2 protein chains.
Amino acid sequence: METRELRYFVAVAEELHFGRAAQRLGMAQPPLSRAIARLERRLGTALLERDSHGVALTGPGRVLLREGRAALEAVAAAEARTRRAGQPGLVLAAKAGASADLLAGLLAAYGAEPGAVPVEVQLCQYGEQGQLLRRGEADVALLHLPFDSTAGLDTEELHTEGQVALLPAAHPLAARRELRLAELADLPDLPAPRYPRPDGSHPDGPGPAIRDHTQLHQLIALGRTCAVLPESCRAQLGPGVTPVPVPDAPQVTTVLAWPPDSRSRPLAALLRAATGG
Amino acid sequence: METRELRYFVAVAEELHFGRAAQRLGMAQPPLSRAIARLERRLGTALLERDSHGVALTGPGRVLLREGRAALEAVAAAEARTRRAGQPGLVLAAKAGASADLLAGLLAAYGAEPGAVPVEVQLCQYGEQGQLLRRGEADVALLHLPFDSTAGLDTEELHTEGQVALLPAAHPLAARRELRLAELADLPDLPAPRYPRPDGSHPDGPGPAIRDHTQLHQLIALGRTCAVLPESCRAQLGPGVTPVPVPDAPQVTTVLAWPPDSRSRPLAALLRAATGG
DNA sequence: GTACGGCGATACCCGGCGGGTATCGCCGGG
DNA sequence: CCCGGCGATACCCGCCGGGTATCGCCGTAC
């Protein structure tokens, strides 16, 4: 199976319409129809059900859509990582606005190593670092457990800290010495922000949809929401936002993560610098 | 990047010789040279170093070899799983000679379910079940923790048991009531069997290289080796092999494993039958 | 009932690309 | 110095992937 055929099939399976899929692929409809028919012949099974109502996926078609997407991602990651390996320097992905001091220290420590290469810092929206790593567009990322998933990645723990609630300065709870998680749940005047899922979509709910730290900070200052974040975010707080410790919130661990089996020399040096070894 | 190009590159990278790689691919050498050159041009980086001493991989080349193999496996798995989805029935992979009673009970329980489909049982050599699953050639497998890796698979625990040492009946230790692991280590007359690694190769050592249960059983009966296996293997023992409990050996858990996100209806029914729910 | 429009399949044509053979250029060894 | 091994280059061909035109089938609207 060639990747071109897979791309064709995925396009048709997503559009469920040969004409639109062909348009998306920048080609005419007939060769697309033929390519899919050939693919079905070679696989020995129908992938799509064509009837007068339109196009639908068969069982094997659903399987190939899921597996084919994964395979295409693997091919794209292979290509991206090879391209990256051909260029000097490292790309480090980090959540914008999180662990800023730790990141600065890490970069300084690595920069002092002999033979350090330039590090490009890619600041990400929530949850995007893992995608950049998995897609091969970054060499290493700062992730925060338990929020980010490290499945399929190698990791090194850097730092563990408690969390604080960030509240609008004018809110009654902002005067408290401490808060419990339960007190912050279901506040009618401060609906919880909706963080993106790994696929980029947002869950439903009353709170604002959040993509990055700046949005969140500003919405808290405006009194529209509140959040529970690692203590280290205190360093970035502006006026209008008050931190209150939340002792029963889970501890947050900041980890360096990288794709397995990809310890290049610069990456190994970065890890050494990060762990102080 | 097309899978054909990846296959070409992997062949050359493995052979480090254009002529042999072309032969392996069933084509002539010139088009292979051109294909690799085109790939390098498109990726914007050299993958192979050609000099008078021969061909060597560059850094990016090593990256593409590793990542490209993974991508090719993903494509092959997508194809195999799609083919499998087009055929009726389930394929269950199990280690030959292990958990036989549990497997029989599982098949009986599933067979009694309404709408059960035929189950083809693929009996494997040691460690092969995981490969069959990952390659898409089986739908579900019986694995044994901590021996088999379940990384990247969904699992359901079925059974946990202790282990027994299997010794030649004539061996002095066979008369013992119990044994400790330390007593079985480094016996000069019974060198430990060498089980295959996940890639199929065998570690070095004095003991016999083992591929399946029958080999192992027979070599024990011949007094050439000994082994520590889950208690349930007692049911398969023939003459010449004596089981002795080893209380300090790790517990073995038998699990059903399947590729994530692949719960087809028959697979779901099998899991239901397996867990007695 | 008929005419029309939307959609996928088919028919047919063409150009480029993938693959083949012949040969070159380079280098190292006998 | 010649030869042999190996990868690159030159050049040619056939096929396959893609394009246009058109068909066949339905569902719908009047």
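The values are calculated or read from the model by the stated rules, or taken from the named source; none is laboratory data. All of these numbers come straight from a predicted model, not from anything done at the bench. Methodologically, a virtual Cβ is constructed for each residue, glycine included, from the backbone with ideal geometry; neighbour enumeration extends over all protein chains shown. Surface accessibility is based on the protein's heavy atoms, side chains included, excluding ligands, DNA and RNA. Shrake-Rupley method; radii C 1.70, N 1.55, O 1.52, S 1.80 Å.
Does A:Arg20 satisfy the criteria of being more than 11 Å from DNA strand D (Cβ to nearest atom) and out of contact with any Ser or Thr (no Cβ under 7 Å at 6 or more places or on another chain)?
So A:Arg20 passes the test.
Do we have any residue at all in the range B:60-67 that's open to solvent by 30 Å² or more (accessible area, probe 1.4 Å), on the phi < 0 side of the Ramachandran plot and at pLDDT 90 or above?
yes
Cβ-Cβ below 9 Å, separation at least six or inter-chain, first residue in the range B:46-57 and more than 9 Å from DNA strand D (Cβ to nearest atom), second assigned to a strand (DSSP E or B) and hydrophobic (A, V, I, L, M, F, W, C): which pairs?
B:Leu47/B:Leu57; B:Glu49/B:Val55; B:Glu49/B:Ala56; B:Glu49/B:Leu57; B:Ala56/B:Leu48; B:Leu57/B:Leu48
Which of the residues belonging to the range A:36-56 are within 8 Å of DNA strand C (Cβ to nearest atom) and either open to solvent by less than 70 Å² (accessible area, probe 1.4 Å) or assigned to a loop (DSSP other than H, G, I, E, B) (or both)?
A:Ile36, A:Ala37, A:Leu48, A:Ser52, A:Gly54, A:Val55 - these are the residues of the range A:36-56 that are within 8 Å of DNA strand C (Cβ to nearest atom) and either open to solvent by less than 70 Å² (accessible area, probe 1.4 Å) or assigned to a loop (DSSP other than H, G, I, E, B) (or both).
For the range A:153-170, how many residues meet the condition of being within 30 Å of A:Leu187 (Cβ to Cβ) and in a loop (DSSP other than H, G, I, E, B)?
So the count comes out to 3.
For every residue, the table says whether it meets (1) surrounded by fewer than 18 Cβ atoms within 10 Å (Cβ to Cβ); (2) assigned to a strand (DSSP E or B); (3) in contact with a strand residue (DSSP E or B) (Cβ under 8 Å, 6 or more places away or on another chain).
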| residue | (1), (2), (3) |
| --- | --- |
| A:Glu113 | yes, no, no |
| A:Ala116 | yes, no, no |
| A:Tyr126 | no, no, yes |
| A:Leu143 | no, yes, yes |
| A:Ala151 | yes, no, no |
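Can you find a residue in the range A:81-94 that is among the small types (Gly, Ala, Ser), at pLDDT 90 or above, surrounded by fewer than 22 Cβ atoms within 10 Å (Cβ to Cβ) and part of a helix (DSSP H, G or I)?
no
Tell me, which residue of the range B:2-30 that is part of a loop (DSSP other than H, G, I, E, B) and under 17 Å from B:Arg62 (Cα atoms) is nearest to the other protein chains (Cβ to nearest Cβ)?
Once the filter is applied, the top-ranked residue is B:Leu16.
Only one of (1) on the phi > 0 side of the Ramachandran plot; (2) part of a helix (DSSP H, G or I) fails for B:Gly130. Which number is that?
Condition not satisfied by B:Gly130: (1).
Got a sec? Which of A:Glu156, A:Glu120, A:Glu73, A:Glu128 is more than 14 Å from chain B (Cβ to nearest Cβ), under 17 Å from the mean Cα position of the chain (by Cα) and of a type in the set (Asp, Glu)?
That would be A:Glu128, the only listed residue that is more than 14 Å from chain B (Cβ to nearest Cβ), under 17 Å from the mean Cα position of the chain (by Cα) and of a type in the set (Asp, Glu).
Among the residues of the range A:13-24, write down those that are in contact with a Leu (Cβ under 7 Å, 6 or more places away or on another chain) and not aromatic (Phe, Trp, Tyr).
Answer for the range A:13-24, where residues must be in contact with a Leu (Cβ under 7 Å, 6 or more places away or on another chain) and not aromatic (Phe, Trp, Tyr): A:Ala13, A:Ala21, A:Ala22.
Filter the strands (runs of 3 or more DSSP E) completely within the range A:198-277 down to those with at least 1 residues that are crowded, with 20+ Cβ neighbours inside 10 Å and touching a Lys or Arg at 6+ places or on another chain (Cβ under 9 Å).
A:241-246
Taking the condition among the hydroxyl-bearing types (Ser, Thr, Tyr), more than 9 Å from every other protein chain (Cβ to nearest Cβ) and open to solvent by 80 Å² or more (accessible area, probe 1.4 Å), does A:Ser33 pass?
No, not satisfied.
Within the range A:236-258, can you find the residues that are at pLDDT 85 or above and more than 14 Å from A:Ala165 (Cα to Cα)?
Those that are at pLDDT 85 or above and more than 14 Å from A:Ala165 (Cα to Cα): A:Pro239, A:Thr253, A:Thr254, A:Val255, A:Leu256, A:Ala257, A:Trp258.
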